[in-house]
Amino acid sequence: WRPSLLHRVVSVPPSSDKQFNPTGRPPTILPVSRSSLHARYSTRDWHHANIIQLKGSEASRHCAGRLNADAMRLMQDKDQLTYQMQEDSRRNLGERISNIDFWRSELIYELECLLKETQALETAKKRLECAADEMQEPLKAALECLYHREKRKGIDLVHDNVEKNLIKEVDVFKDCQEILTKLAQKISQQLGINRDAQHALEKDLSDKNSAHFIDEKCFNLRNTSDSISFYHGVEKADGTVSVPATWAKFSEDNIRCSQHARANSVKLREDAEVGLEGTSEEMWNHFISTNLAFNNRIAEVADAKNKLQAQLAKILQEIFQTEDTIMLLERSIKAKEYPLKVAQTRLEGRTKRPNIELCRDAPHFQLVTEVYTIDDTLQTLKQRLQEARDTLQMLILNKSKLEDEISVKANSFFIDKKCMDMRKVFPSTPRLIGY
């Protein structure tokens with residue numbers, strides 16, 4: 001670019017004196033006013049402006065340098081503070097996980113001890129119930145004996161040692177049965193207390209497991225993790241319900257309650273063992289004493305009666321096992337309801353995610369699969385429970401049939417015994433032929 005001022009070409013004004021112009025180009029005519037040809041500022045002004053510009057730039061550069069240095073120091077300090085705070089939080093999370101692990105191990109140990117004690121107490125209760133049920137048949141037999149002996153007529157209606165032993169045996173059996181029934185009722189109440197303590201331990205342990213999983217997940221989070229995000233205002237929300245002291249005291253109280261329940265269970269089991277041994281010995285003594293009065297039984301009827309009693313014992317055992325299976329199935333169904341509630345609650349809670357966060361992600365598919373699987377499991381368990389109940393009804397029906405058959409055999413036995421007693425006094429052959 002060149003200024004057009006100095007290259008403006010004008011035509012030569014016409015004049016009378018024409019000069020020779022060999023090139024044929026018109027001459028350059030300068031403007032009349034030459035002020036426009038000169039610079040607006042002087043050289044001094046130009047140098048002064050340059051110096052001011054340099055000084056201003058230098059001042060800006062120094063200011064920018066100080067700002068950059070201060071910014072670098074600030075970033076380093078804040079980075080160190082952020083790193084230290086993050087490490088402190090991670091250390092606190094690690095200590096919290098260690099505390100949770102400690103109480104979780106204590107809860108697991110106490111829960112295992114309580115489950116073993118509860119199982120032993122249930123076994124003791126079953127033994128008491130079986131013993132009380134087993135007393136029912138001898139008691140019934142003794143009463144039947146007394147009833148049939150009332151059919152004696154004439155001189156045979158005598159208050160002999162057999163009748164005395166039978167009356168005493170009935171009283172002893174009733175007393176023993178009442179003792180064992182009361183012990184079984186106490187054990188049932190204690191089992192309820194044990195289950196409450198077990199539920200508290202399991203609930204506490206489940207909460208500990210959940211807290212451990214969450215804290216461990218938080219402990220493993222890094223700045224490069226994919227699952228981190230902004231949650232504005234979360235630091236202002238405080239939904240805590242306990243402090244470390246009350247948190248530890250809660251688990252300690254649960255463990256202490258479980259230990260107290262276990263101590264009571266041990267005492268009840270000891271009482272049940274003493275009661276079983278005492279009643280068994282007393283019953284055997286009276287049973288043997290009464291049996292000594294009943295001799296010369298008919299082998300066939302006795303053998304048939306023994307087989308029926310053996311089969312009844314097996315049916316009773318199978319009934320107890322089936323009842324235990326029903327109880328376990330019901331408990332299993334009840335236990336599956338809580339995971340189903342958790343899965344459905346998670347699905348319902350995740351439906352509240354806003355906007356694009358309402359993603360059909362892997363947890364969604366897993367939760368849906370979990371709901372269907374648990375529901376299918378519940379249907380299978382309920383079907384098996386109904387089958388077990390039907391089997392129990394069939395066993396109870398068979399038990400009733402066996403008891404009726406034993407009653408028939410007992411009646412036949414006593415009738416045959418009466419016949420045998422009559423045959424003992426049956427006249428001899430010499431008397432029949434008139435000797």
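The values are calculated or read from the model by the stated rules, or taken from the named source; none is laboratory data. Remember, predicted model here, so these are calculated numbers, not experimental data. No Cβ is skipped: glycine too gets one built from the backbone with ideal geometry, and neighbour counts run over all protein chains shown. Note: accessible area is taken over every heavy atom of the protein model, side chains too, but ligands, DNA and RNA are not part of it. Shrake-Rupley method; radii C 1.70, N 1.55, O 1.52, S 1.80 Å.
If we scan the stretch 121-129, do we find a residue that is open to solvent by 40 Å² or more (accessible area, probe 1.4 Å), at pLDDT 75 or above, part of a helix (DSSP H, G or I) and under 30 Å from GLU252 (Cβ atoms)? Break it down into steps so the answer makes sense when it comes.
Step one: list which residues in the stretch 121-129 are open to solvent by 40 Å² or more (accessible area, probe 1.4 Å), which gives 123, 125-127, 129.
From what is left, the residues that are at pLDDT 75 or above are 123, 125-127, 129.
Subsequent filtering for residues that are part of a helix (DSSP H, G or I) retains 123, 125-127, 129.
With under 30 Å from GLU252 (Cβ atoms) added as a condition, the list becomes 123, 125.
The answer is yes, given that some residue of the stretch 121-129 is open to solvent by 40 Å² or more (accessible area, probe 1.4 Å), at pLDDT 75 or above, part of a helix (DSSP H, G or I) and under 30 Å from GLU252 (Cβ atoms).
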Item to check | Out of ILE326, ILE396, sole residue that is among the hydrophobic types (A, V, I, L, M, F, W, C), touching a Leu at 6+ places or on another chain (Cβ under 8 Å) and under 30 Å from GLN198 (Cβ atoms) | outcome: ILE326
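Mind listing whichever residues of the stretch 235-263 are among the charged types (D, E, K, R), in a helix (DSSP H, G or I) and without any contact (Cβ under 8 Å) to a residue 24 or more places away in the chain? Give the derivation first.
So in the stretch 235-263, the residues among the charged types (D, E, K, R) come out as 235-236, 238, 249, 252-253, 256, 262.
Filter again for in a helix (DSSP H, G or I), leaving 235-236, 249, 252-253, 256, 262.
Passing the criteria: GLU235, LYS236, LYS249, GLU252, ASP253, ARG256.
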Checklist entry - Does the stretch 314-354 hold any residues that are free of Cβ contacts under 8 Å to residues at least 12 places away in the same chain and of a type in the set (A, V, I, L, M), and which are they? => result MET327, LEU328, ALA335, VAL342
Next on the checklist: Based on this model, can you work out whether ARG389 counts as among the charged types (D, E, K, R), open to solvent by 50 Å² or more (accessible area, probe 1.4 Å), at pLDDT 80 or above and within 30 Å of SER227 (Cα to Cα)?
Outcome noted: no
Next on the checklist: If I go through the stretch 351-368 residue by residue, how many of them are open to solvent by 90 Å² or more (accessible area, probe 1.4 Å) and charged (D, E, K, R)?
Outcome noted: 3
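One line per residue, one yes/no per condition, for (1) at pLDDT below 80; (2) open to solvent by 50 Å² or more (accessible area, probe 1.4 Å); (3) on the phi < 0 side of the Ramachandran plot:
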| residue | (1), (2), (3) |
| --- | --- |
| MET135 | yes, no, yes |
| LYS140 | yes, yes, yes |
| CYS145 | yes, no, yes |
| GLU150 | yes, yes, yes |
| GLU163 | yes, no, yes |
| ILE193 | no, yes, yes |
| ALA197 | no, no, yes |
Checklist entry - Taking SER188, is it among the hydroxyl-bearing types (Ser, Thr, Tyr), open to solvent by less than 80 Å² (accessible area, probe 1.4 Å), in a helix (DSSP H, G or I) and touching a Lys or Arg at 6+ places or on another chain (Cβ under 7 Å)? => result yes
Checklist entry - Among the residues of the stretch 264-275, is any in contact with a Cys (Cβ under 9 Å, 6 or more places away or on another chain), open to solvent by less than 60 Å² (accessible area, probe 1.4 Å) and touching a residue at least 40 places away in the same chain (Cβ under 8 Å)? => result yes
Checklist entry - Any idea which of (1) farther than 30 Å from ASP271 by Cβ; (2) under 43 Å from the mean Cα position of the chain (by Cα); (3) free of Cβ contacts under 8 Å to residues at least 12 places away in the same chain is the one LYS116 doesn't satisfy? => result (1)
